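Here is the structure we will look at.
The values are calculated or read from the model by the stated rules, or taken from the named source; none is laboratory data. Keep in mind the model is a prediction, meaning the values are calculated, not measured. Quick reminder, even Gly has a Cβ in these numbers, built from the backbone with ideal geometry, and neighbours come from all protein chains shown.
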Amino acid sequence: MTQTAAPAPRPPLTPAGPAPGSEFSPLLREVRGQGLLEHRTGWYVRTITLNLLALAAVLTGVALLGESWWALLLAPPLAVLSARTAFVGHDAGHSQITADRRLARLIGLVHGNLLLGMGYAWWNEKHNRHHANPNHTEKDPDVAADVLVFTGHQAVTRTGFRAWLTRHQAGLFLPLTLLEGIALKVYGFQDLRNHPWRVRLVEGGLLAAHVTGYTALLLALLPPWQALAFAAVHQGLFGLHLGLAFAPNHKGMEMPDPEGPRWGHLRRQVLTSRNIRGGPVTDWLLGGLNYQIEHHLFPSMPRPHLRLAQPMVRAHCARLGVPYTETGAVDSYRQVFAHLHEVGEGLRPAA
């Protein structure tokens, strides 16, 4: 996704301020002048190495515990480390790790397809469309009507079982994320038919290698029923972790009117995104996605630079009068659930 301003001026959301086409350029110059768009190869080498060593340590622990049911206690840390693996694949897809496209793709394939069973090509294409038009119901696949819906217009078309889902989607959100780890694998396999045979061969081969290796490893280390229980806990918590990391970023934020005025790059990214306040632990658990505004404005910015860019972005938005949304983790989830509940309001019977 490009980091330059839109080529043609578009009507601003607020009456005051310069034309949107000129709003982003000064911020881009300031951030670039501070060197925040330069790659942090050493940081990523350390991060990837430590994560791989931690994954190996957990699997070693499972092997040492063997047939003991205590081995299930290692499924939660494995889920957390799997989310770290997904964050590395995410950063590779945005060219945050390296400008070398081949190397970035290799890193993405290893972390996505091989280690997680998640199709790198599928994720990258879908995620880039999301970045181009966040929260746009006709262009952002993340807010397209599916199991969940995100606008009243989407909700009124639901009937039968889907209407029931929409009525209760706020309460069902967390349970549904428990299935996300499996769903990501299914989507990756389904997407193979959309690519040339060479991409199918590489991506499909690595996806198959993950499924085969994951199954064989668990069955080699644990009895069948323990292996099944371990996989269920691991995949469920992995999906839950990803859901908790991604849900607060945009749900319940501004949603552009498909027939209304088009926003410039800065407003399109800032008004639809929400930052999560926190410290180093929050940064680690959420993989830097808690700086969602900065990430959307500068998708190729290395993860450790996002917090450094935040004061510049916040001050620039204040000068323009553009709302900059930042909240605590608990309040962000409250807003997400409130939005999902409100969307389903029209399908619930009157009290």
- Message: Regarding the stretch 42-62, can at least one residue be identified that is touching a His at 6+ places or on another chain (Cβ under 6 Å), modelled with pLDDT of 95 or more and at negative phi?
- Response: no
- Does HIS90 fit the bill of being under 14 Å from ARG303 (Cα atoms) and either buried (at least 22 other Cβ atoms within 10 Å of the Cβ) or at pLDDT below 95 (or both)? yes
- For the stretch 276-292, indicate whether the set of residues that are of a type in the set (S, T, N, Q), out of contact with any Pro (no Cβ under 7 Å at 6 or more places or on another chain), assigned to a loop (DSSP other than H, G, I, E, B) and under 21 Å from ALA329 (Cα atoms) is non-empty. yes
- Task: Would you check which residues across the stretch 120-149 are within 14 Å of the chain's Cα centre (by Cα) and charged (D, E, K, R) and list them?
- Result: GLU125, LYS126, ARG129, ASP140, ASP142
- Task: Say whether the condition of being exposed (fewer than 15 other Cβ atoms within 10 Å of the Cβ) and closer than 25 Å to SER82 by Cβ is met by at least one residue in the stretch 147-168.
- Result: yes
- Message: Looking only at the stretch 292-334, filter to residues that are small (Gly, Ala, Ser) and crowded, with 18+ Cβ neighbours inside 10 Å; which one of those is modelled with the lowest pLDDT?
- Response: SER332
- Is it the case that some residue within the stretch 304-314 is in contact (Cβ under 8 Å) with a residue 40 or more places away in the chain and in contact with a Lys or Arg (Cβ under 9 Å, 6 or more places away or on another chain)? yes
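Return yes when GLY264 is in contact with a Ser or Thr (Cβ under 6 Å, 6 or more places away or on another chain), buried (at least 19 other Cβ atoms within 10 Å of the Cβ) and either farther than 26 Å from ILE48 by Cβ or modelled with pLDDT of 95 or more (or both) and no when it is not.
Answer is no for this residue.
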- Message: Looking for something within 30 Å of GLN190 (Cβ to Cβ), aromatic (Phe, Trp, Tyr) and either buried (at least 22 other Cβ atoms within 10 Å of the Cβ) or touching a Pro at 6+ places or on another chain (Cβ under 6 Å) (or both) - is there at least one such residue anywhere in the stretch 43-58?
- Response: no
- Pairs only if they're at least six apart or on different chains, beta carbon under 7 angstrom, first in the stretch 113-129 and closer than 14 Å to VAL199 by Cα and buried (at least 19 other Cβ atoms within 10 Å of the Cβ), second at pLDDT below 95 and β-branched (Val, Ile, Thr); list them, first residue then second. ALA121/VAL199
- Note on the structure: Considering the stretch 186-201, residues that are surrounded by 14 or more Cβ atoms within 10 Å (Cβ to Cβ) and charged (D, E, K, R), and then whichever is farthest from the chain's Cα centre (by Cα), we arrive at ARG200
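Yes/no matrix, rows are residues, columns are (1) within 21 Å of ASN135 (Cα to Cα); (2) in contact with a helix residue (DSSP H, G or I) (Cβ under 8 Å, 6 or more places away or on another chain):
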| residue | (1), (2) |
| --- | --- |
| HIS241 | no, yes |
| LEU244 | yes, yes |
| LEU285 | no, yes |
| GLU294 | yes, yes |
| ASP331 | yes, no |
- Message: Looking at ALA229, ALA183 in this structure, which one is more than 18 Å from the chain's Cα centre (by Cα) and touching a residue at least 40 places away in the same chain (Cβ under 8 Å)?
- Response: ALA229
- Enumerated helices (runs of 4 or more DSSP H) restricted to the stretch 196-270, each holding at least 2 residues that are under 25 Å from ARG334 (Cα atoms): 224-246, 265-270
- Query: without any contact (Cβ under 8 Å) to a residue 12 or more places away in the chain and at negative phi, is that true of PRO134?
  - Reply: no
- Note on the structure: Scanning the stretch 43-98 for residues that are part of a loop (DSSP other than H, G, I, E, B) and acidic (Asp, Glu) gives GLU67
- Task: Could you tell me whether any residue of the stretch 251-259 is under 20 Å from the mean Cα position of the chain (by Cα) and free of Cβ contacts under 8 Å to residues at least 40 places away in the same chain?
- Result: no
- Message: Kindly evaluate ILE97 against the criterion of being under 30 Å from ASN51 (Cα atoms), surrounded by fewer than 22 Cβ atoms within 10 Å (Cβ to Cβ) and modelled with pLDDT of 95 or more.
- Response: no
